[in-house]
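**Student:** Starting off with a structure, shown below.
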Amino acid sequence: MVARTVHPADRSRQFDRRELSAAIGLTLLAAGSLLSPAGLIGSARAQASERIVSVGGVITEVIYALGLQDRVVGVDSTSQFPPDALREKKNVGYVRALSAEGVLSLKPSLVMLIDGAGPPGAVSLLNESGVKIARFPDDTSAEGVAAKIEAIGAVLGAAEPAARLAAQTRARFEELAALRGAIAKPRRVLFVLSLQNGRVLVGGRNSSADAIIRHAGGINVADGIEGYKTMTDEAIMAGAPDMILMMRNSSSHNTTPDELFAMPAFAETPAAKQKRLTTMDGLYLLGFGPRTPLAARDLMAASYPESAIPPLKTATAP
């Protein structure tokens, strides 16, 4: 059976579990032709000798979680968890700025790409090279994350351990949903991606930031904006965020509450009154892999400190 290709527009559809698992499955390409998952996976011996380049932090995270990291020869720069990935493997560059020549120099037998990897020209060159390619939609829904894990495991010939990891992830999302259901008054959260030259770049609807805010039981202040775009000072003030959310950067200066709330756009917001700025690791917050329910719970705890949000009981499950 030929694997189905999932287009971004399909994400707005409502799937049941079986349909979503099939839809998110993967697109397999080799020498410009579609292959079935069985044709790509091959024998156990062939799998063991695979040379995999993983492009997408969530793909790398799942591979390591499944204990298959020995097959990986290269990762992209977003593959920051576990930390050993970037220390031990060749770095092929940023997920959206790949060099086809750099990837191919590692002589991969399989390149695994998250949706949005590019640029398109580099991906086309990889297709033309004849190397096997598996592509995965970056679904941010609870079921989509679990199905993504199953799809990655299927390509690697590790369906059973991937199914266990996916089941654990589903259980965590279910527990998270119960916590979310107890929230009486959702807080208004604004995700700020960057502050450059006085321009505030935020995460609007249909962005990964929007998804994590909603998983954590919040309201996205930038819901009127599509994707990641700039937001005017007036719109920020009118949005009245209760909390500002940003990614924590380990390699450069991180914006402090004093710096942020001294800016005119934020100075008069409800968030400024208590200097409510929350920063979290970028891949943990926006990776949408096995740790996402934990990240959403941590964001929920930061958003509702008065509620003493408990840790997920399933967090330590094997």
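**Student:** When the residues of the stretch 277-318 are narrowed to those that are crowded, with 17+ Cβ neighbours inside 10 Å and without any contact (Cβ under 8 Å) to a residue 24 or more places away in the chain, which ends up farthest from residue 182 (Cα to Cα)?
**Tutor:** 298
**Student:** Select, from 145, 155, 131, 189, the only residue that is farther than 26 Å from residue 111 by Cβ and out of contact with any Cys (no Cβ under 8 Å at 6 or more places or on another chain).
**Tutor:** Result of the check over 145, 155, 131, 189: 189.
**Student:** Restricting attention to the stretch 54-73, report how many residues are surrounded by fewer than 24 Cβ atoms within 10 Å (Cβ to Cβ) and touching a residue at least 24 places away in the same chain (Cβ under 8 Å).
**Tutor:** The total comes to 6.
**Student:** A further question follows. Can you find a residue that is within 21 Å of residue 275 (Cβ to Cβ), buried (at least 21 other Cβ atoms within 10 Å of the Cβ) and within 18 Å of the chain's Cα centre (by Cα) anywhere in the stretch 224-241?
**Tutor:** There is no residue in the stretch 224-241 that is within 21 Å of residue 275 (Cβ to Cβ), buried (at least 21 other Cβ atoms within 10 Å of the Cβ) and within 18 Å of the chain's Cα centre (by Cα).
**Student:** Related question: Restricted to the stretch 255-291, and to residues that are of a type in the set (A, V, I, L, M) and assigned to a helix (DSSP H, G or I), which residue is farthest from residue 302 (Cα to Cα)?
**Tutor:** Going through the qualifying residues, I end up with 265.
**Student:** Another question about this same structure. Search the stretch 179-191 for residues that are over 10 Å from residue 242 (Cα atoms) and pair each with any residue that is of a type in the set (Lys, Arg) when their beta-carbon atoms are under 8 Å apart and the residues are at least 6 apart or on different chains.
**Tutor:** 179/297
**Student:** Among (1) touching a residue at least 60 places away in the same chain (Cβ under 8 Å); (2) more than 21 Å from residue 284 (Cβ to Cβ), there is one condition residue 223 misses while meeting the rest; what is its number?
**Tutor:** The single condition residue 223 does not satisfy is (1).
**Student:** Still on this model: Picking from 147, 158, 100, which residue would you name as being among the hydrophobic types (A, V, I, L, M, F, W, C) and under 19 Å from the mean Cα position of the chain (by Cα)?
**Tutor:** 147
Only the coordinates and a few stated rules stand behind these numbers; no lab work does. Keep in mind that this is a model prediction, so the values were computed, not measured. Here the Cβ is made from the backbone with ideal geometry for all residues, glycine too, and neighbour counts use every protein chain on show.
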